[in-house]
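**Student:** Can you keep this structure in mind? I'll have questions shortly.
The values are calculated or read from the model by the stated rules, or taken from the named source; none is laboratory data. All values derive from a computational prediction rather than experimental measurement. So basically every Cβ, Gly included, is an ideal-geometry build from the backbone, and we count neighbours across all protein chains shown.
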Amino acid sequence: MPEAEIIVLGEHVDYWNQLGWQDRFSAHLYTERQQDYAHAFALEDIYTPQMVVNGQAEFNGADGPRALQEIRRAAIAPHSSVSLLRKDPLALALTVSHFPAGIKNVEILLAITEDSLASDVRRGENVGRRLTHTGVVRSLVSVARFDARKSPEFTADLPLHLLDDWFRENLHAVILVEVRGSHRIVGAAKLKL
């Protein structure tokens, strides 16, 4: 298998909150993203646990062999170069270049993720269980949209907005270079904060 960094993003959807137990990491934004993926994949329904690899394949997240297959496929696909550095305590320096051939409309997203989190489930099928989480998306924002044919390189300083109740030692900044419309990921980088 080619060398690949696997970047985990746990986007906690909010539609299970109606069971009487609120997932403190959930947000409607992640439900909307899952609905966008359902549209892109021509799915009739959304479900959990769903896994999406590079915006190109979706399947039940419990299917380990399928996950390995799709990660291997993603690792050999053409991708952009992404450099993400800590500029100072409140900002990141980002450079994205070498977009794959044929890429036009690009959106760059910045996610802040947190590891080593847990939930004590009070209702639903996991009642009584303590679930541990890695890569929980605490925030997700669009930092740029542009035509990669007209801008073959993108550079920016990105301000960091971190909340006080996030544990700094468990935080990462993640950049996703996404093809608008299809949500295909053509570049990514992760930086420990």
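**Student:** Just one of 66, 122 is out of contact with any Pro (no Cβ under 7 Å at 6 or more places or on another chain), of a type outside the set (A, V, I, L, M) and part of a helix (DSSP H, G or I); which is it?
**Tutor:** 66
**Student:** Please determine, by comparing only the residues of the stretch 32-58 that are surrounded by 13 or more Cβ atoms within 10 Å (Cβ to Cβ) and among the polar types (S, T, N, Q), which one is farthest from residue 3 (Cα to Cα).
**Tutor:** Ranking the candidates gives 35 first.
**Student:** Scan the stretch 115-122 and tell me whether some residue there is aliphatic (A, V, I, L, M), within 30 Å of residue 21 (Cα to Cα), at pLDDT below 95 and surrounded by 14 or more Cβ atoms within 10 Å (Cβ to Cβ).
**Tutor:** Checked against the condition, which is being aliphatic (A, V, I, L, M), within 30 Å of residue 21 (Cα to Cα), at pLDDT below 95 and surrounded by 14 or more Cβ atoms within 10 Å (Cβ to Cβ), the stretch 115-122 yields at least one hit.
**Student:** Further question on the same structure: Of the residues that sit in the stretch 126-153 and are of a type in the set (A, V, I, L, M) and part of a strand (DSSP E or B), which one is surrounded by the most Cβ atoms within 10 Å (Cβ to Cβ)?
**Tutor:** My answer is 136.
**Student:** Check whether at least one residue in the stretch 59-82 is surrounded by 14 or more Cβ atoms within 10 Å (Cβ to Cβ) and in contact with a helix residue (DSSP H, G or I) (Cβ under 9 Å, 6 or more places away or on another chain), and report yes or no.
**Tutor:** Within the stretch 59-82, one or more residues are surrounded by 14 or more Cβ atoms within 10 Å (Cβ to Cβ) and in contact with a helix residue (DSSP H, G or I) (Cβ under 9 Å, 6 or more places away or on another chain).
**Student:** Based on this model, can you work out whether residue 103 counts as buried (at least 16 other Cβ atoms within 10 Å of the Cβ), among the β-branched types (Val, Ile, Thr) and modelled with pLDDT under 95?
**Tutor:** Considered against the rule, which asks whether it is buried (at least 16 other Cβ atoms within 10 Å of the Cβ), among the β-branched types (Val, Ile, Thr) and modelled with pLDDT under 95, residue 103 comes out as yes.
**Student:** Please determine whether any residue of the stretch 82-101 is within 15 Å of the chain's Cα centre (by Cα) and farther than 25 Å from residue 160 by Cβ.
**Tutor:** No, the stretch 82-101 contains no residue that is within 15 Å of the chain's Cα centre (by Cα) and farther than 25 Å from residue 160 by Cβ.
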